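What follows is one structure encoded as structure tokens, with my remarks underneath.
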Amino acid sequence: MNTAIVDALTSVLPPESVIINPDSMTGFLHDEAAWAPYGAPAAVVRPADTLEVQQVVKACIETGTALVPRGAGTGLSGGANAIDGCVIISFERMAKVLEIDHANHIARVQPGMVGDDFRAVLAEEGLWYGPDPASSPWSTIGGNVGTNAGGMCCVKYGVTADWVRELEVVTGTGEIVRLGRRTPKGVAGYDLRGLMVGSEGTLGVVTEIVVRVENLPPEPITVAGFFNSLIDAGNAVAAIRGQGIRPSALELVDRYCLQAVDEWKNMGLSADAEVVLIGRTDSPGAQGDAEADAMLRCFDNAGATLSMRSSDAQEGDALYAARRLAYPALERLGPVLTEDICVPFTKVAEVLQECADIGERHGVLVASIAHAGDGNLHPLLITPPGDDEAEERAKAAFDEIIAAAIAAGGTVTGEHGIGLLKLDGLRQEVSPTVAEMYRAVKRALDPHGILNPGKAIPS
């Protein structure tokens, strides 16, 4: 055991803030990236405020101990996984909405606040926050900041970085700073706020987040298109975006995912189709009707076997819920290796089919969900529990899918972050010069090398 760090933490933090019992630390060891490695931490800390976070950072600096920030552990890349002898910092006790400023349409929130809980608080005030990852019933705002999460609404409303105005951060030198500003515009100095968003806890520890909020949007109209091929569905996506339509969501779910959800929740949504596209528009009045009709025409022109408009909000919400439940439903079948590639709209059909072909060549089931409207594809590689040989085939398929995304002009991660699983992919995507720029930034902001080392950037 790293007794030096335990002694340092217990000397500056109250007893309820420090966990050192190995059994009690079990739930903090890793995120949901089933195949990413993890170690045994020396301690888990649960700070109550920014000053306690600062004490933790200083203790880690003094003892040379790695510090791994953690939200709810819903990540899919190993970014929050423990390192042997490290300190895990959990924000479950820093989970409050601190301020809602109606006049300036901003809110100040702690990093441990769960996304859906935050939205519920805002809704009571007639307000709304845009980023909507499928994990929003469980994931935290701080975790979303760490990976620059996107989600279902980002096709129209953007990703987390588009909503974050200001951050309070404890730096790698133990100082408390505020980065960014509350105003809608501001270009004074370098954009250190933007640099921090998506850095996966490698450049600083976020302790407060100021985000913009908007008025609640109108009740959405939901449309669905059922297709016999991934190619046809991908062509429908390209057509919708090519016409300049900006739906509030455009999601893809294949038959494997629908079947898994139905077997789990008995929602009666399985369809005689290879893939379903679920589109939403929250534009008001006649404009919303026109956008819904335009999406249905694109479905039909791309070869949909059935296209339909929800008759009521409940029906639309059921389709949307099926998409949100797809990943946990598939997890019940066996270990899931999750891709997070993003490609140009015009390449969605081609790459979706290529992912399926790669899975077939390697004898691995590849189920597909996607934030199709922004080209963010999530091929899910599923193997039988305990089948080591199948896992090796899946890893080979995983690497091929990454290569396919890069070849298509895309990226190895759209919203899940690099963590541990995508380090090799990042090396393929960026030049050695760019990789060294990443390392230079890391050295400048984390001179002691304690902040989530080994994650997010190539060593």
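Considering only M152, L252, A59, and ranking their Cα positions along the charge dipole of the chain that arises from unit charges at the beta-carbon of Lys, Arg, Asp and Glu, the one farthest toward the positive end is A59. Within region 320-345, what residues put their amide N at less than 18 Å from the label point 7 Å along the Cα-to-Cβ vector of N266? Answer for region 320-345: 322, 329. In degrees from 0 to 90, rounded to the nearest 10, what is the angle of the helix 115-124 Cα long axis to the longest principal axis of the chain? Value to nearest ten degrees: 80.
Converting phi to 3J(HN,Hα) with the Karplus coefficients 6.51, -1.76 and 1.60 and the offset θ = phi - 60°, region 34-48 yields 4, 9, 8, x, 8, x, 10, x, 7, 6, 10, 10, 10, x, 9 Hz in sequence order, with x at every glycine or proline. In a fully extended conformation the segment linking S431 and D357 would gain 23.8 nm over its present Cα-Cα distance, using 0.36 nm per residue.
For region 197-294, the list of GluC sites (Glu not before Pro) that fall in a loop by DSSP and count at most 15 other C-beta atoms within 10 angstrom is empty.
Among the chymotrypsin sites (Phe, Trp or Tyr not before Pro) found in region 166-245, those both in a DSSP coil and sparsely packed, with 16 or fewer other Cβ atoms within 10 Å of their Cβ, are Y190.
Counting lysine pairs in the chain that sit 8 or more residues apart in sequence, or on different chains, and whose Cα atoms lie under 21 Å apart gives 9.
Here the Karplus curve 6.51 cos²θ - 1.76 cosθ + 1.60, taken at θ = phi - 60°, turns the phi angles of region 133-146 into couplings of x, 4, 8, 4, x, 10, 6, 9, 4, x, x, 4, 5, x Hz, with x standing for Gly and Pro.
Count Lys and Arg as plus one, Asp and Glu as minus one, and take only other residues whose Cβ is under 14 Å from that of D387; the net charge is then -2.
Highest mean first, the peptides 309-322, 125-138 sorted by other C-beta atoms within 10 Å per residue fall in the order 125-138, 309-322. Each residue of region 162-175 was assigned a 3J(HN,Hα) from its phi angle through the Karplus expression (A = 6.51, B = -1.76, C = 1.60, θ = phi - 60°), giving 6, 10, 7, 9, 8, 10, 9, 9, 8, 7, x, 9, x, 9 Hz with x at Gly and Pro. Only the Cβ atoms of Lys and Arg (+1) and of Asp and Glu (-1) were treated as charged; on that basis the dipole of region 3-90 about its Cα centre amounts to roughly 100 debye.
For the chain, find the longest principal axis of its Cα atoms and tell me its angle to the long axis of helix 3-12, 0 to 90°, nearest 10. Once rounded, the angle reads 90 degrees.
Of all DSSP beta bridges located in the chain, what percent are antiparallel, nearest 5? Approximately 85 percent, going by the DSSP bridge assignments.
Only the coordinates and a few stated rules stand behind these numbers; no lab work does. Treat the numbers as computed from the prediction; the structure is a model and nothing was measured. Every residue, glycine as well, gets a Cβ built from its backbone with ideal geometry; the counts of neighbours run over all protein chains shown.
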